[in-house]
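Student: Could you have a look at this structure, given as structure tokens, before my questions?
Read-outs throughout are calculated quantities, based only on the coordinates presented, and are distinct from any laboratory measurement. None of the values given here were measured: they were computed from a predicted structure. Glycine also receives a Cβ, built like all others from the backbone with ideal geometry; neighbour counts cover every protein chain displayed.
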Amino acid sequence: MRFVRGLGVFAVAAMLTLAGCSNSAPQQSGTDAGGAGGGGGAAAGGGGDKAGGDKGGAAKSDLTVAVVTHGQAGDSFWDIVKSGADQAGKDEHVKVTYNGDGDPARQSQLIDNAVASHVDGLVVSMANPDGVRESVHRAVKAGIPVVTMNSGLEKYKEFGAITHVGQSEELAGEAAGRKLAEAGVKKVLCVVHEAGNVGLEARCNGVRKTLGGTVRNLQVDVSNVADAQNTIKAQLLADKSVDGVLTLNPVIAKAAVSARQEAGSKAKLATFDVSADICAAIARGDMLFAVDQQPYLQGYLPVVFVALKVRNGNDVGGGQPVYSGPGFVTKENAEQVGRFADRGTR
């Protein structure tokens, strides 16, 4: 439980572990979650323009919050984000709609559709901030509270969002670079799995600042894992001096484990983001660590924050982001985190 530097904004959850990244090819999906659920702070809070439900009966959804991300259901990372948002909807008696698309033009259209349907709040990830700028501005102009999550930390204030939930990708990269340096790594391949994702580039830049060695970005395509594995293998075969591989998502991390084995390399492996498989690999000693940003919180907290804003006029964050990471999953805590990952809450 290390790190979070500066801006230590309110401990909503224990920061055990560390963009925004997608684990599969972009596809669009939409689902709703709402209805009665386990009691919720905002739902029971009163004091706003809308009531939390009928007295003596099951609470009804009086608010609709649209979650529009650059990832989508069916992707292992974003499934956890969606699970968090859905649970917040149940707890706070909020109807939650989830849609995602990795293309910024199509994501912008999804945001515009949400604004046109007069949602009460909007949660949006901004892997390509400039690509969704105008749509987010239209939501703010329409008086819809916006919370950004996962990606877009550097732009959320400028775009008019009330706060951001996630991590500083560059600071997380700096932490990973220090951890690799402690392990004696000098020459790293930083494997970028989504072209144009500014958060992924920021991670590699952060590693570059603190490693004290050489960092080279390697571009692969997360939608073609077999090709990504071959690309990593080829690099390890071509340059025996590479002694570290840092992947930026769990699917590519698994491919890197296989690529290292096939190449007969002794390079040390680490990754960003957590899954049950990654926790098992760390526990076995196949990987040094994972940097966890807690995607469940990135889905859950923004829905709660919007409900608090609309119902009570509450502002969260004090003008600063709410950090969900970074933190490290290592051999010491991998088994514990793996149990939560199996449940879909890490």
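Student: For Thr345, Thr69, which order do you get if you count the other beta carbons within 10 Å of each Cβ and list the fewest first?
Tutor: Starting with the residue having the fewest Cβ neighbours, the order is Thr345, Thr69.
Student: Listed here are the pairs Lys82/Lys141; Lys209/Lys309; Lys155/Lys240; which of them are more than 29 Å apart at the Cα?
Tutor: Lys209/Lys309; Lys155/Lys240, as the Cα separations exceed 29 Å there.
Student: While we're looking at this one, here's another question. For Asp112 and Gln320, what does the FRET efficiency come to when R0 = 35 Å and r is the distance between their Cβ atoms, rounded to the nearest 0.05?
Tutor: E(calc), rounded to 0.05, equals 0.75.
Student: I've got another one for you. May I ask you to derive the relative contact order of region 169-292, considering only C-alpha pairs under 8 Å and at least 6 residues apart, and to give it as an integer percent?
Tutor: Normalised by residue count, the contact order of region 169-292 is 24 percent.
Student: Taking θ as phi - 60°, what are the ³J(HN,Hα) couplings along region 247-262 by the Karplus curve (6.51, -1.76, 1.60), each to the nearest whole Hz, with x for Gly and Pro?
Tutor: Running phi through 6.51 cos²θ - 1.76 cosθ + 1.60 with θ = phi - 60° gives 9, 10, 7, x, 5, 5, 4, 4, 5, 5, 4, 5, 4, 4, 5, 5 Hz.
Student: Another question, then. Take Glu335 and Asp277, extend 7 Å from each Cα along the Cα→Cβ direction, and tell me the distance between the two endpoints in nm.
Tutor: The modelled label-to-label distance comes out at 2.3 nm.
Student: Please compute the modelled spin-label separation between Thr345 and Ala234, points set 7 Å along Cα→Cβ, answer in nm with one decimal.
Tutor: In this crude label model, Ala234 to Thr345 measures out at 4.4 nm.
Student: Further question: Taking the Cα of Lys186, stepping 7 Å toward and past its beta carbon, and measuring to each backbone N in region 232-251: which are under 19 Å?
Tutor: Correct set: 236-246.
Student: Then there's this: Under 16 Å Cα-Cα from Lys266, which aspartates and glutamates qualify once same-chain neighbours fewer than 8 residues away are excluded?
Tutor: Within the straight-line cut-off, Lys266 pairs with Asp239, Asp243, Asp286.
Student: Oh, and also: Treat the count of other C-beta atoms within 10 Å as a stand-in for reagent exposure and order Leu110, Leu180 from fewest to most.
Tutor: Leu110, Leu180
Student: Give me the distance between the Cα centres of region 97-165 and region 251-297, rounded to whole Å.
Tutor: 31
Student: Can you work out ³J(HN,Hα) from phi for every residue in region 149-161, in order, using Karplus 6.51 cos²θ - 1.76 cosθ + 1.60 and θ = phi - 60°, giving whole Hz and x for Gly and Pro?
Tutor: 8, 6, 10, x, 3, 6, 10, 4, 5, 4, 7, x, 6
Student: A follow-up question, please. Give me the number: length gained by fully extending Asp221 to Lys141, i.e. 0.36 nm times residue separation minus the C-alpha to C-alpha distance, one decimal in nm.
Tutor: 25.2 nm
Student: How would you rank 79-86, 244-251, highest first, on the average number of other Cβ atoms within 10 Å across their residues?
Tutor: 244-251, 79-86
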